[in-house]
Structure formats: C-alpha cells, structure tokens
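Heads up, the thing below is written out as structure tokens.
The values are calculated or read from the model by the stated rules, or taken from the named source; none is laboratory data. All values reported here derive from a predicted model rather than from experimental measurement. Glycine also receives a Cβ, built like all others from the backbone with ideal geometry; neighbour counts cover every protein chain displayed.
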Amino acid sequence: MQIVLHFLGQVTQRLLKGPRIYYAWVSFLLVFIGLGIWAYGVQYTSGLAVTGMTDQVSWGLYIGNFTFLVGVAAAAVLLIIPAYIYDFGPIKEITILGEILAISALLMCMLFVTVDLGHPQRMWHLLPIIGTPNFPDSLLGWDILILNGYLFINVAISTYLLTTIYLGKKEVKWLYMPLVLLSIPWALGIHTVTAYLYNGISARPFWNTAILVPRFLASAFCSGPALSIICFQLIRKFTRFQVKDEALFKIAEMVCIAMGINILFLGAEVFKELYTDSWHVAPLIYLFTGLHGHVALVKWIWTAVAFNFIGFLLFLFPTTKRNYVTLNLGCVLIVIGVWIEKGMGFVIPGFIPTPLGEIFEYTPQTPEVLICIGIWCAGFLFYTLALKIAIPIETGEMRALGVPPTAAHGDEPQKSGIKTGIKDGWAST
Amino acid sequence: MGTDIKGAMNRRTFLKAAGVASTSLALGGCQIPSGDDLKALVQSHFAEMSPDEIKAVRQRLLRQYKKKYGRDFVLGTEQPIPDVLFAYGLDLSRCIGCRRCVYACVEENNQSRRPQIQWIRVLLLKKGTMNLEESDHYYDAGLMPREGYYTIPVQCQQCENPPCVKVCPTRATWQDDDGIVVVDYDWCIGCRYCMAACPYWARRFNYAEPEIPIDEMNPNLHYLGNRPRMRGVVEKCTFCVQRTRKGRYPACVEVCPVGARKFGNILDPESEISKVIENQRVFRLKEELNTQPRFYYFFSI
C-alpha cells in the first residue's frame, strides 16, 4: 500500500514538473484536444453530415488515419527484431519504447474508429455474449479482436517490465519473453487483417488486390520506423535515455529497403491496372490523373510519390543518411508520404467512381479535420506522459521505496547505454 | 462545382450545428434522455427477441412516434411467409426512365426528404453499352424517353450471397427466409462497412436527422422496413417488406406506368416472376462477383 502511494506521488510529481518546453508542449496538445472534443460535440449532436462523407464516399479521413496508425502500431513493435539483431542498445528498454508507441497508436486507432461510427453508444453490440459479433464472417470483427489482443499484449509486457525494474527485481524471462515473441507475428497480423478489411471486398476493385497485404506491411515499415527515428532523437535529447547514432542509421537503412519494396509494389499495381486497362482502372486513373475533370486527389498522390521517392533517395546515400538534417527531412517526408498514400491515396479512391459509375468527390470539412487533429494530439499526449514515467524507471531515476535509485537491473552499465552525467530534461527533473 | 456547393452547405450546417452544440453546452450539457431512449439503448437484437420483448419494443416505438410526429402508426413485425422466396424482374425494353418508381419508393418507405435519400437509382446509358461507368445518374426525366438511350433502374439486388451481410460486424443486417435482406435500425452501429461492400451501391446512410413532412408519412410500417429511421444508421430497399409480407406488391411495381417491374415468389412455378425467368433470357448485374442477385433484368422486345 505504501509502495502504491509512493508510486502515485512520484507519478504526480513527474507529470506535473518539467521544463518550460514540456508545459508548452502539453498545453499545445490540450488546446487541440479541446478543439477536437468540441468539434466531436458538434458531430455528435448533428450527425456525420458535418463531415465531408457522403453515400458515395462513405469513409474518409477517419478511416484513412486509422489505417495509417495500425501500420505505425505494427511497425513500432517490429523494430524489436532489428533492435535485437543490430544491438541498438538495451533490448528490453527499446522494446518498452516501441510498445508504448504501439499503445499510443492503438489508442488513436480506436478513437478514429469510434468517431467514425453513427452510433458509438451501441458499440457493445460488437461484444460477445451481450452483443452479436459477426464472427468469423466479418473482417471488422477480426480486426477488433486482433487489435484489442495486441493492445493487451503490449500493455502486459510493458507494465510487467516497468514494474519489475521499478521494484528493483529481476524479471523472469520465461514470463515475458514468450509474449515479446508473440507480439512480433501479432504485429504483422494486425496490419494483415486491416489490409483484409479492404482487399476482401469485391465491390471495390481498387482495394480488391492481393498485393495489398505486402504493400501495407512495406509502407508500415517505412512510416513506423521513420516516426521512431524522430521519437528516439527527441527522447535522447530530453531524457537520460540513450540510443546510439548507429542504431538510428540502421533503422534508416531498414526504412530505405522497405520504401524500395513499397515503391516496387506500387509500381506492380499501377502496371497491372494500366496495362490491363479494364473498367477496374478507373479509380487509379482518378487518383493519378483525374477522371472527367475531377482532380481532387491528383496533387495529393503526386506529393506522396515525390515525398516517398525523395525520402528513399535520402536514405539510400550514406552521406545524407548520416546527416541529421537530411535524415530528419527524410523521416518527415516519408511519414507524410505514407500517410497520404494510405489515407487520401488509398481509402478515398476506393469509392471513386462508385460501383454504379458515379464520380463524386470528397472534401474533408472543418469539424472532421479538427477531430483528426484532436485525436493525434491525444495520442501524442498519451505518448509524452507515458514516456515521462517509463523513461525515468528505465534509466533508474525513479525507483520504489527502499530501492536504491541508480540500481541497474541486470545490464552492464556500458551495455545499457545509460549516460551517467546528469542532463536537464523532461525525465530528469 | 458540385463540391463547392456542397462545401458551402456543409459550412452552413456546421456553423448552425456549432451554435446548437454551444448552446446546449451552455444550458448544462446534453439533454436528459427519456426512459424510452434508455430502453432503446439496451434493447436486444430483433432476431433474438422473445414475442413479449417484440411487443414491448413495438409499444415503445409507437409511443415515441406519437410523441415525435403527433400521429398514430401501424407497426408490423410480420415474419417471412413459409415457402415464399421473393424475386424481382425488370423489363429494360419497357422502362422509360420516368423515375416514378424512385418517388413512389421515397413516399412508401418514409425516406428522408432532407437530406435527400432515395433507394432506387436510375442510370441513363447510351445504346450499345452496359458500362455503368458511362452512365448518367442526373438526367432530366422530363426529356425521356430519349432517342439512342436506355435506362437501368438499380436498387438492392437482394443477393443470395450478400457481401453486405457478410461484412456487418454486429449482424445488424441479415437475410430473412424469404430472401429479403433487412436491417435492424436499432442494432446498426453505423460503421458503413456494408456500404463499402455493396457492389450495387444500394445502401444509404442517415448522415443527419431525417426530415419527412408529417402529412406525407406512410403510417403503415414494418419494424425491419419503412419505420422512421434515426440519424446514424444504414438503410436500403427491402422489397417493401411491410407490403410484400402481407401479399401486396412493392410500391415500385405498383406505380410503374409501363409494367416494366415484375415481382413474385420464385418457389411458385405459376408466379409471374417464375414465368419471366422461364420465358425470358434474363441476366443479373455483375454476375462475375458471385453475389447471386434475386433481381433479374431482361429485354422483352
């Protein structure tokens, strides 16, 4: 009991205290979360008519963001493999960081699905026993199951590891390693099932393609690690947690390979559609060149193609890969490029033209843009606050009552990569 | 151009809604739900209800309709008739594209007038092609029939192998024994996966609260058919379940001025629809998708 109270005291203290930039960041996030909640209030009281969605284009930004973030959630955990192979530093600590990113992305996914529903208060209909889940027929049922399972696994591993470190105990490997190993194929599974949501639908030829699963995985392996490279740099700047330069460059190398594969897959898809030149090519033509004067997505997709390609080149050449300016530029370009490719460039053209041949364009409206920004900010807020607790535990700054504060936990100090010098940062204050 | 108009409309509705939302927040949050609203929230899936539950739900709905619209309704929950499997025939050589079926359907099935919801879409096509992508959805019905063109009305095809039912995550839409694919509007969570999955673009979503002039409402309702819908649920053609389960024709069949629409029980070899399938060379839309529509098109001449 005393331990719990002490822990809660530490948590409160750490969440409330920080340098000025921490307060500025959290306030910034809270303002946009507030705006998002207000916009959702508007949507909730007057219906989804306040969005740009129509009977013709019945999914929009919400589902696009959802799809992108499932990829981020998957890739965050898949980083464990190279982290292990290339010895990025303490594998356990890297695992925890990846898992917290995955949990944040999953929370955003769930929020995005929820705000897309016409009747969120009926969500219990999806549950077994009290509801009537359409299992195993509906891929949405599978997706809910596998995403929640993934959330559970990640929460379980990170809570277990952080608790043992916090209490200064030695973690029992056979207790958590099977879960870590399970989380890797499961990460592939969440994005595979999310691709199945689309590619199992014969009504939408643009989605109904077997290459969707590998394409989704390849693009997830671009955006997730690119986001991680940025996050790792911020973490090591603001906390005592250290990630080696070499590790970041290795991740960039991996992103480069994944982007190469992603571009190859996209090319394969584009060739097949264009050369076949059947009715099914219409959404692709609409996306890349516009159809009968409707060109809403053309500028988006070419931006994505350009961003992805420039990012690929930046990560291909060692000089630009090892220069932090070009490395970060590449990361930003790739995150935005993949975000467009999976949202505006994938979900929307699936609906245009409609199965009856109507071309009706989609333009996101203010409330849905505000809701999207609000959800992203909520995800960032969760990530920030979770790291604010997790990192001091990892670096040994935060310990349970009676446990020496710097006690390492099994790792050799040099291998754990934790710097001994005190740095002013979010976690160390 | 179309998007600009829509953008302006949406901005207007948004601002209006923003005003309403702020006012209601200022007045102390959301309005308190009535007991009937709470009952609706916890009610079961229609197919799992006992006869007593169905009775209670009917009474609740009638109470709510009375309160909302100030008039009485007849709300049926008729089950499929045994040994009946409905199918539809549409004679494209007779169809003149007048859209009377569209409007009769709107009135019969209490579809929202604002925003406008229509379950039937009539496509204008040049003679010589069946490529739906070349169809015109917004032709002027006053100029029909038009030389060199023909029309194809499309509505729910009541597939034997319906993709919409397969994808629904809550079983809120299903196929009854008479072949009609229905929706329990009180069970639909509004995820719109069925709309993405339908190859015939037959499903509509209530993006806003449906508006119907009270004096234009059809008071003869069915729970799974034309009862007034709420915002945030999906709806579709039900072969006029409120009529056909009582032995009547769907409204579109009745209104068609040229007799292009045929309807009946395919299990009865003497029915009109059985005769159509036997004597005409019928075809179905997008057969390559194996959805097996129970909606047969044909050219009698």
Inset, instruction - Name the one entry in B:C240, B:C252 that is within 22 Å of B:V165 (Cα to Cα), in contact with a helix residue (DSSP H, G or I) (Cβ under 7 Å, 6 or more places away or on another chain) and either free of Cβ contacts under 8 Å to residues at least 60 places away in the same chain or of a type outside the set (S, T, Y) (or both). - result: B:C240
Legend entry - When residues of region B:182-216 are limited to those that are β-branched (V, I, T) and out of contact with any strand residue (DSSP E or B) (no Cβ under 9 Å at 6 or more places or on another chain), the one farthest from the other protein chains (Cβ to nearest Cβ): B:I214
Inset, instruction - Select, from B:R58, B:R113, B:R71, B:R146, the only residue that is part of a loop (DSSP other than H, G, I, E, B), modelled with pLDDT of 95 or more and not aromatic (F, W, Y). - result: B:R113
Inset, instruction - Return yes when B:P293 is out of contact with any Leu (no Cβ under 6 Å at 6 or more places or on another chain), of a type outside the set (D, E, K, R) and within 14 Å of another protein chain (Cβ to nearest Cβ) and no when it is not. - result: yes
Legend entry - Output for region A:166-178, where each listed residue is among the hydrophobic types (A, V, I, L, M, F, W, C), within 27 Å of A:E397 (Cβ to Cβ) and modelled with pLDDT under 90: A:V172, A:L175, A:M177
Inset, instruction - Go through the residues of region B:101-115 one by one and say whether even a single one is closer than 21 Å to B:C252 by Cα, more than 14 Å from chain A (Cβ to nearest Cβ) and more than 18 Å from the chain's Cα centre (by Cα). - result: no
Legend entry - Total residues in region B:116-143, condition modelled with pLDDT under 95 and assigned to a strand (DSSP E or B): 0
Legend entry - Among the candidates A:G357, A:G379, residue that is within 15 Å of the chain's Cα centre (by Cα) and at pLDDT 90 or above: A:G379
Inset, instruction - Look through region A:322-380, keep the residues that are among the polar types (S, T, N, Q) and in contact with a Gly (Cβ under 6 Å, 6 or more places away or on another chain), and return whichever of them is nearest to A:V115 (Cα to Cα). - result: A:Q365
Inset, instruction - Find the residue count for region B:104-136, including only residues that are of a type in the set (S, T, Y) and without any contact (Cβ under 8 Å) to a residue 24 or more places away in the chain. - result: 2
Legend entry - Complete set of residues in region A:125-165 that are buried (at least 20 other Cβ atoms within 10 Å of the Cβ), more than 13 Å from chain B (Cβ to nearest Cβ) and either more than 25 Å from the chain's Cα centre (by Cα) or of a type outside the set (A, V, I, L, M, F, W, C) (or both): A:Y150, A:N154, A:S158, A:I165
Legend entry - Residues located in region A:115-124, provided they are touching a helix residue (DSSP H, G or I) at 6+ places or on another chain (Cβ under 8 Å) and either loosely packed, with under 15 Cβ neighbours inside 10 Å or of a type in the set (G, A, S) (or both): A:G118, A:Q121
Inset, instruction - Restrict the check to region A:204-221 and report whether at least one residue is out of contact with any strand residue (DSSP E or B) (no Cβ under 8 Å at 6 or more places or on another chain), part of a loop (DSSP other than H, G, I, E, B), within 14 Å of another protein chain (Cβ to nearest Cβ) and loosely packed, with under 15 Cβ neighbours inside 10 Å. - result: no
Legend entry - Evaluation of A:G402 against (1) within 12 Å of chain B (Cβ to nearest Cβ); (2) free of Cβ contacts under 8 Å to residues at least 40 places away in the same chain (one fails), failing number: (1)
Legend entry - Index of the failed condition, B:Y149 passing every other in (1) more than 12 Å from every other protein chain (Cβ to nearest Cβ); (2) hydroxyl-bearing (S, T, Y); (3) within 19 Å of A:A203 (Cβ to Cβ): (3)
Legend entry - A:E394 vs. criteria in a loop (DSSP other than H, G, I, E, B) and either more than 20 Å from the chain's Cα centre (by Cα) or away from chain B (no Cβ under 14 Å) (or both): no
Legend entry - Residues of region B:151-172 that turn out to be assigned to a loop (DSSP other than H, G, I, E, B) and farther than 30 Å from B:D140 by Cβ, as a count: 9
Inset, instruction - Please work out if A:I63 is aliphatic (A, V, I, L, M), within 30 Å of A:F152 (Cβ to Cβ), within 14 Å of chain B (Cβ to nearest Cβ) and crowded, with 24+ Cβ neighbours inside 10 Å. - result: yes
Legend entry - Test for B:T244: is it buried (at least 22 other Cβ atoms within 10 Å of the Cβ), away from chain A (no Cβ under 14 Å), within 12 Å of the chain's Cα centre (by Cα) and at pLDDT 95 or above: no
Inset, instruction - Identify all residues within region B:179-220 that are of a type in the set (G, A, S) and under 30 Å from B:E288 (Cα atoms); write none if there are none. - result: B:G179, B:G190, B:A196, B:A197, B:A202
Inset, instruction - Look at A:V26 and say whether it is surrounded by fewer than 16 Cβ atoms within 10 Å (Cβ to Cβ) and not polar (S, T, N, Q). - result: no
Legend entry - Matching residues, region B:120-146, being under 14 Å from B:Y103 (Cα atoms) and either among the polar types (S, T, N, Q) or within 11 Å of chain A (Cβ to nearest Cβ) (or both): B:R121, B:V122
Inset, instruction - Scan region B:251-290 for residues that are exposed (fewer than 14 other Cβ atoms within 10 Å of the Cβ) and within 14 Å of another protein chain (Cβ to nearest Cβ) and report the count. - result: 3
Inset, instruction - Might you check whether a residue that is at negative phi, within 14 Å of chain A (Cβ to nearest Cβ) and surrounded by fewer than 16 Cβ atoms within 10 Å (Cβ to Cβ) occurs anywhere in region B:46-67? - result: yes
Inset, instruction - Please tell me if B:G225 is among the small types (G, A, S), within 23 Å of A:V42 (Cα to Cα) and crowded, with 22+ Cβ neighbours inside 10 Å. - result: no
Legend entry - Set B:Y103, B:Y138: member being surrounded by fewer than 17 Cβ atoms within 10 Å (Cβ to Cβ) and among the aromatic types (F, W, Y): B:Y138
Inset, instruction - Grab the helices (runs of 4 or more DSSP H) fully contained in region A:53-171, keeping just those with 2 or more residues being free of Cβ contacts under 8 Å to residues at least 60 places away in the same chain and among the polar types (S, T, N, Q). - result: A:139-166
